[in-house]
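Everything below concerns the one structure shown next.
The values are calculated or read from the model by the stated rules, or taken from the named source; none is laboratory data. Remember, it's a predicted structure, so these values are computed and weren't measured experimentally. As a convention, Cβ positions derive from the backbone with ideal geometry for all residues, glycine included, and neighbour counts pool all protein chains shown.
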Amino acid sequence: MSARRRFAVLAACLLPLFGGVPASAETPTLRVAEMWETPTLDPLRDATLIKEKAMVTETLVTGLPDFTIAPGLALSWRREGETLWRFALRPGVRFHDGSPLTAQAVVASLEHGLSNSPSIRHHTRIASVAVAGEGEVAITTVEPFPALPAALVHAAAGIVAMSSPRAPDGTIDRPIGTGPYRVADWDPAGQRLTVTRFEDYWGEAPAIAAISFRSIPDPATRALELRKGGVDFAADVPYGDLDALAAKGFTVSRNVTARNYMLSFGSLKETPFADPRVRKALSLAIDRDEIARYVLFGMGRAGIAPFPDTMAFADPAIAVPQADPAAARVLLAGAGYAPGADGVMAREGRPLAFTLYTYAQRPGLVPMAGAIQAQLRRIGVAVTIRVAAYEAIAREMKPGDARLAALATAAYPDPDVFLRQTYHSQGTTNSWGYADARVDAALADALTAPDEAARLQAYRLVQRIVADDEPCLVIAHYGVNVAMRPGIENYRFNPIAHDYMLDPQMRLSPAPAGR
Amino acid sequence: MTPYLLRRCLLAGATVVAATFLTFLLLRLAPGEPAQTILARIFLRDLTATVSAGDAAALAERYGLSAPLLVQYGRWLAAALGGDLGVSIRSGRPVLTELGWRLPVTLLLALLAMALALVLTLALVTARRMLRRPLADRGFALIVTACVSLPGFVLGLVMILVFSLSLDWLPVSGTGGWSHWVLPVIVLALGQLGFTAVLLDDALEEALAAAHIVSARARGLSERCLLLVHALPNALVPLVPYLALQFAFLVGGVVVVERLFALPGLGSYLAEALDARDGPAFLGAVAVVALAVALANLAADLLVAALDPRIRLARSEA
Amino acid sequence: MSSRRAGIAGTVALALVLLLPIAWGLTFDPVEGALRDSLRPPGFAFPLGTDHLGRDVLARIAHGFLLDIGLSLLVVALSFGVGTALGMVAAEVAGGLDRALSLLMDVTSALPQIVVALILAVHFGGGAGTLVIALAATGWVKYARIARAATFSLREREFVMAARVAGSGRLALLRRHVLPHLLPLFGGLLALQLGHTVLNIAALGFLGVGIQPPAPEWGAMIAEARPYLARAPWLAIAPGVFLFALTALALSLARALGRRRQAMGLTAW
């Protein structure tokens, strides 16, 4: 190859990088700044993007913003036995490739999910799926599970055609779903996804012709791009920028969502945290209102209960106590702690000191850890902060340490999963070993409750017990903000979203002149 | 091929092997269960659910996490030599494919930055020589020190504040058109400018002192002609291999600049893979970076040897 | 001569501008802060304002200076010690050991420092220890190269030969007769590496693989300040200015101490 040709090849490789974005001028496109990297479109790996944001797939059951459920791809369902359910599919639904939504297609999709994603098995507790007749699907759960319809709202349970193009390893490369938008263009190199309106959609046709997503994991960059006009829609921009954005005419929506800032302890056995008075003292020393106001800038809400009262199944009777360092000191004294030489409270020569682990991916966590450190220092508790990758924390954390995390409390609109994982003595998240017979009994009652009202009562009882016992400290309920350029109308936030959901009814008017 | 060339080629290979083996070792020796980590990170973005032992074992099998370390590395290396860098844990795609997407961005960024740095260097050095006033000397020293001392991430932030937000001239991040390259290239080039300017200035000093220049000056040629026609071309020759050697330094700047401007290049791929503990992707990226640096060093060695036979002799003896 | 004096005066002035506020800032607490005081602009109570947790920015810059300069000195000392020792011993022993060291040096110098730090972070996570190891593991090469070359040439010198004939042990020989002649070569390089290390520590802090919060580190402070860039630009600008000044100071020192070419770090071999 001559030098000149070599140069030509090199130039051919590099030149596309100078080109503009594929013409978006003719079709009005909503440009969204996505908050995670999008390495793949596999709906099992990035269900939130494919289902909740890009609206490519749909689930059998839909979750509404008031945490109730409604028919989705299934028109109706009934429970036929302790563990057996039957779902009747909506007729006349087509996949993006034109094939009809049949019972076989639904079974194949759910089975694909169940065998490839532990998460779906875990969340839905489905044992098997079968075709039960023309347009009907039978689902069997591993145990009596009244929350199954709600569990099917989980994004990873979205129905995807098995004819979807596959990657070499067998995962789905470009999902073909039934949703109002279909995958039009996917540029994994530039981390850009474009979806366009699906003309044969069974429901009301969406107003916006196309939506493009660009991954911008850094919150500060998302805010800059929005201000600069590089994107139209961004979520989780830095909390301190919201007022300035609103003042510049951007639409800012601040919402409490199904996620908690939680401080959990390494172990409740043979550590200072075993003593409920110590946990209570720490809780009283943390000024949740101050944190919500100055660390979260109002993005999020001070909280002590497992769910914010904006959620239908929350127990509204649980109130957030005022911070009271004096009462906290009294509690510590009652637990046998006295100030040591360096001002740190100690009991039998052992200081009340621990390492608080947290991670940097969510913008509120590290500053919040700093605030908690300062607040606990005021009652003589010494906290060291360590920021690590989330997965590394579980390895490094010792029983006497603690972790601050933002945990999802409703991957689908039902209280069961979160309460059971977190507070049941056998719960999978409950690595700190909390065990309370009343909680376990109430959670067992919930599964066999005669009706939904009785089930809700059982969950509310659990919430009251743990809000009083505080095996792990809820600090605040997560706030998600959505900021949009002026001219985007009809947006409705859905708090069951993992991050944010887009709304097919959104409308786009041209950007006002002069921006 | 002379023994010297052979040695340098082997050295380039050894560098890549050393870097990847070190990375491989550290990745695999990390405490905890990689399969668990992978599952938690990939499938359970909410990070709350846990994974059964059976699922973890299946995954360990799929990603070959159960063989002895040296065997695993040997397998990786053999596959890598055949062009197979494994499959990214995050995306399930071949790492080589993804690197192929990222490489042009980094390559373009680095080439443009080097070109700009060279142009600025030439301008700066000739300006200094032609002006030949104490003020020019001091200005030169000031600019050089400033360029070397100014961290790219600070300069980049300030430039975003000024040129993107206040003046509204240039985009903030990402790729898309020529305007997206302006700020990252300037930041990266200014980071290089300090070094290249000093280098060229030194080389020029030497060239101007060379015998034929002195005699040309005696013949009454103008200083400007001396500088531009005779000294500068001579001074540029030794500069080229040094530029290649600077490549390793440039790579460090690329990581920071790509992160700052959210450019989907090799540097951000490295950082993303580290963040996600995506072993195959991280290892592949390290391999490519090490290979690029090793090749640049090799090119520098060969150039130097071609330009100056004494070095070739001296170094093959050493 | 006057230009040189001006240069010295400028360096001293820069040092004063840098050190006086730092001395002042050291009298404040870098970690304690009231949330109610968060994001205050510079003023009487807080000379450089406060950060997002209400902490005094000047105090954090001052304590961050101690941290950054302390770690940098540690890195420089380690690089110097290891590099010089290895270089001298390799030249003295020669043969296989020397060839092995040459290979090690070539391989090490081909690895970008930031990338090595990222690689180590895979295993150890971020933190001061990782940082020092990563930077020292790549920093020793230049010292080793110079020490090795100089030892080779010194070996043949009369006074060293004489000492050898007189029965001096190898280690004693290196320590008494070679090392003293090496030290003057390193002045510029030491200051230069100090400047580079300060920059690299800050860059790694900015990338999030360096010093962990709430320790006040300049690069990490700038990264922390990014979300508040529009609202509180001083949070990023103030540590940036100090970082720039400190590096410039170290590099000016390097220029004063060493030859120009050396000073810019291009002692390629």
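Within the group C:L199, C:L190, which residue is among the hydrophobic types (A, V, I, L, M, F, W, C), within 28 Å of C:A110 (Cβ to Cβ) and facing another protein chain (nearest Cβ under 9 Å)?
On the way: C:L190 fails: facing another protein chain (nearest Cβ under 9 Å).
After ruling out the rest, the residue left standing is C:L199.
Test B:L183 against the criterion of being under 27 Å from B:A244 (Cα atoms) and either in a loop (DSSP other than H, G, I, E, B) or within 13 Å of chain C (Cβ to nearest Cβ) (or both), and give yes or no.
Working: under 27 Å from B:A244 (Cα atoms): yes; either in a loop (DSSP other than H, G, I, E, B) or within 13 Å of chain C (Cβ to nearest Cβ) (or both): no.
Against the criterion (under 27 Å from B:A244 (Cα atoms) and either in a loop (DSSP other than H, G, I, E, B) or within 13 Å of chain C (Cβ to nearest Cβ) (or both)), B:L183 does not qualify.
Considering only residues that are of a type in the set (D, E, K, R) and under 17 Å from B:V251 (Cβ atoms), which ones fall in the range B:73-127? Quick ask: steps written out before the conclusion?
Residues of the range B:73-127 of a type in the set (D, E, K, R): B:75, B:84, B:90, B:93, B:98, B:102.
Residue satisfying the conditions is B:R102 alone.
Going by the structure shown, is B:W101 at the interface with chain A (Cβ under 7 Å from one of its Cβ atoms) and modelled with pLDDT of 80 or more? I'd like the intermediate steps shown before the answer.
Numbers: at the interface with chain A (Cβ under 7 Å from one of its Cβ atoms): yes; modelled with pLDDT of 80 or more: yes.
For B:W101, the condition - at the interface with chain A (Cβ under 7 Å from one of its Cβ atoms) and modelled with pLDDT of 80 or more - is met.
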Taking the criterion of being among the hydrophobic types (A, V, I, L, M, F, W, C), closer than 22 Å to C:V89 by Cα and more than 14 Å from chain B (Cβ to nearest Cβ), would at least one residue in the range C:120-135 satisfy it? no
A:T422 - would you say it is more than 27 Å from A:L352 (Cα to Cα) and either under 22 Å from the mean Cα position of the chain (by Cα) or part of a loop (DSSP other than H, G, I, E, B) (or both)? no
May I ask you to list pairs of residues, at least six apart or on different chains, whose Cβ atoms are under 8 Å apart, with the first in the range B:226-255 being within 14 Å of B:A210 (Cβ to Cβ) and the second being β-branched (V, I, T) and modelled with pLDDT of 75 or more? B:L227/B:T126; B:L232/B:T126
Exactly one of these conditions fails for A:A274: (1) more than 14 Å from every other protein chain (Cβ to nearest Cβ); (2) touching a residue at least 40 places away in the same chain (Cβ under 8 Å); (3) more than 14 Å from A:R485 (Cβ to Cβ). Give me its number. (2)
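Looking only at the range A:222-246, count every residue that is surrounded by fewer than 17 Cβ atoms within 10 Å (Cβ to Cβ) and more than 11 Å from chain C (Cβ to nearest Cβ) and tell me the total. Steps first, answer last, please.
Taking the range A:222-246 first, the residues surrounded by fewer than 17 Cβ atoms within 10 Å (Cβ to Cβ) are A:229, A:243-244, A:246.
If we keep only those that are more than 11 Å from chain C (Cβ to nearest Cβ) as well, we get A:229, A:246.
Residues meeting the conditions: 2.
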When restricted to B:L135, B:L116, the only residue in a helix (DSSP H, G or I), more than 14 Å from chain A (Cβ to nearest Cβ) and closer than 21 Å to B:Y242 by Cβ is B:L116
Answer yes if at least one residue in the range A:385-404 is surrounded by 23 or more Cβ atoms within 10 Å (Cβ to Cβ) and charged (D, E, K, R), and no otherwise. yes
Which number in (1) under 30 Å from C:Y228 (Cβ atoms); (2) within 12 Å of chain B (Cβ to nearest Cβ); (3) outside any helix (DSSP H, G or I); (4) not charged (D, E, K, R) marks the one condition that A:G427 misses? (1)
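Within the range A:100-115, work out how many residues are exposed (fewer than 15 other Cβ atoms within 10 Å of the Cβ), at pLDDT 95 or above and more than 15 Å from A:E58 (Cβ to Cβ). Full working, then the answer.
Initial filter on the range A:100-115 (exposed (fewer than 15 other Cβ atoms within 10 Å of the Cβ)): A:100, A:104, A:115.
From what's left, at pLDDT 95 or above: A:100, A:104.
This time we only want the ones that are more than 15 Å from A:E58 (Cβ to Cβ), so: A:104.
Final tally of qualifying residues: 1.
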Yes or no: A:T271 modelled with pLDDT under 95 and under 29 Å from A:M35 (Cβ atoms)? no
Counting only residues in the range C:216-237 that are more than 11 Å from chain A (Cβ to nearest Cβ) and surrounded by fewer than 24 Cβ atoms within 10 Å (Cβ to Cβ), the one modelled with the highest pLDDT is identified as C:I237
Tell me the residue from A:A341, A:A360, A:A317 that is in a loop (DSSP other than H, G, I, E, B), surrounded by fewer than 20 Cβ atoms within 10 Å (Cβ to Cβ) and within 14 Å of another protein chain (Cβ to nearest Cβ), please. A:A360
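For the range C:11-36, name all the residues that are part of a helix (DSSP H, G or I) and without any contact (Cβ under 8 Å) to a residue 24 or more places away in the chain.
Step one: filter the range C:11-36 for residues part of a helix (DSSP H, G or I), giving C:11-25, C:35-36.
If the condition is that a residue be part of a helix (DSSP H, G or I) and without any contact (Cβ under 8 Å) to a residue 24 or more places away in the chain, then C:V12, C:A13, C:L16, C:L19, C:L20, C:L35, C:R36 are the ones that fit.
Among the helices (runs of 4 or more DSSP H) confined wholly to the range B:195-281, which include 2 or more residues that are modelled with pLDDT of 80 or more and buried (at least 20 other Cβ atoms within 10 Å of the Cβ)?
Numbers: elements: B:211-218, B:232-245, B:247-260, B:266-276.
Of the helices (runs of 4 or more DSSP H) lying wholly inside the range B:195-281, those with at least 2 residues that are modelled with pLDDT of 80 or more and buried (at least 20 other Cβ atoms within 10 Å of the Cβ) span B:247-260, B:266-276.
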Only one residue in B:L39, B:L47 is in contact with a strand residue (DSSP E or B) (Cβ under 8 Å, 6 or more places away or on another chain), modelled with pLDDT under 60 and facing chain A (nearest Cβ under 8 Å). Which one? B:L47
Among the residues of the range A:372-409, the number that are small (G, A, S), within 11 Å of chain B (Cβ to nearest Cβ) and assigned to a loop (DSSP other than H, G, I, E, B) is 1
Looking at (1) assigned to a helix (DSSP H, G or I); (2) closer than 27 Å to A:D218 by Cβ, which one does B:D168 not meet, given that it meets all the others? (1)
Inside the range A:214-311, counting only strands (runs of 3 or more DSSP E) that do not spill past its ends, which hold 3 or more residues that are more than 30 Å from A:R464 (Cα to Cα)? A:233-235, A:251-265
Within the range A:289-322, of all residues that are acidic (D, E) and at pLDDT 90 or above, the one farthest from A:A458 (Cα to Cα) is A:E290
Within the range B:277-296, is even one residue in contact with an Asp or Glu (Cβ under 8 Å, 6 or more places away or on another chain), within 10 Å of chain C (Cβ to nearest Cβ), in contact (Cβ under 8 Å) with a residue 60 or more places away in the chain and within 24 Å of B:P241 (Cα to Cα)? no
Could you list, in sequence order, the residues of the range A:173-200 that are within 14 Å of another protein chain (Cβ to nearest Cβ) and either within 15 Å of A:K53 (Cβ to Cβ) or crowded, with 24+ Cβ neighbours inside 10 Å (or both)? A:P175, A:W186, A:Q191, A:R192, A:L193, A:T194
Quick check on my filter: what residues within the range A:450-484 are out of contact with any Phe, Trp or Tyr (no Cβ under 6 Å at 6 or more places or on another chain), touching a residue at least 40 places away in the same chain (Cβ under 8 Å) and part of a loop (DSSP other than H, G, I, E, B)? A:E470, A:C472
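Can you tell me which residue is nearest to the chain's Cα centre (by Cα) among those in the range C:238-257 that are within 7 Å of chain B (Cβ to nearest Cβ) and over 14 Å from C:A220 (Cα atoms)? Don't jump to the end; show me each part of the working.
Just the residues of the range C:238-257 that are within 7 Å of chain B (Cβ to nearest Cβ), to begin with: C:240, C:243-244, C:247-248, C:251-252.
Still in the running and over 14 Å from C:A220 (Cα atoms): C:244, C:247-248, C:251-252.
Working: C:F244: 14, C:T247: 9, C:A248: 12, C:L251: 11, C:S252: 14 Å.
Checking each candidate, the answer is C:T247.
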Scanning the range A:48-75 residue by residue, those assigned to a strand (DSSP E or B) and over 15 Å from the mean Cα position of the chain (by Cα) turn out to be A:E58, A:V61, A:T62, A:I69, A:A70, A:P71, A:A74, A:L75
